[in-house]
Amino acid sequence: MDENKMKALNVVRTAAILGCLLGFGLFVIGMFASGFNYNHIVSITGIMIALSSVFVFGGALMILLISEGGPFKQRIK
């Protein structure tokens, strides 16, 4: 991968890591703070944020790998 694609992947990776940390943090807070967590909405929100971050990272990684072309790129040219 070239330099620009690596920079883009690092930005997405950093955002995904922060999203996962925020999501799992909310999940843990929601599980142990029962007075703050009516109907487990904080726990559900935390899990959704974490899963969304994982899917965003996976999608960005897939797009970058598809645009790279793989081993067949040399034969196509």
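Summed over the stretch 14-38, residues that are surrounded by 14 or more Cβ atoms within 10 Å (Cβ to Cβ) and either at pLDDT 90 or above or touching a Leu at 6+ places or on another chain (Cβ under 9 Å) (or both) total 7.
Of everything in the stretch 39-77 that's of a type in the set (Ser, Thr, Tyr) and surrounded by 12 or more Cβ atoms within 10 Å (Cβ to Cβ), which residue is modelled with the lowest pLDDT? By that ranking, first place goes to SER43.
The values are calculated or read from the model by the stated rules, or taken from the named source; none is laboratory data. Everything numeric here is computed off the predicted structure, so don't read it as measured data. Note that we place each Cβ from the backbone using ideal geometry, even for glycine, and neighbour counts take in every protein chain shown.
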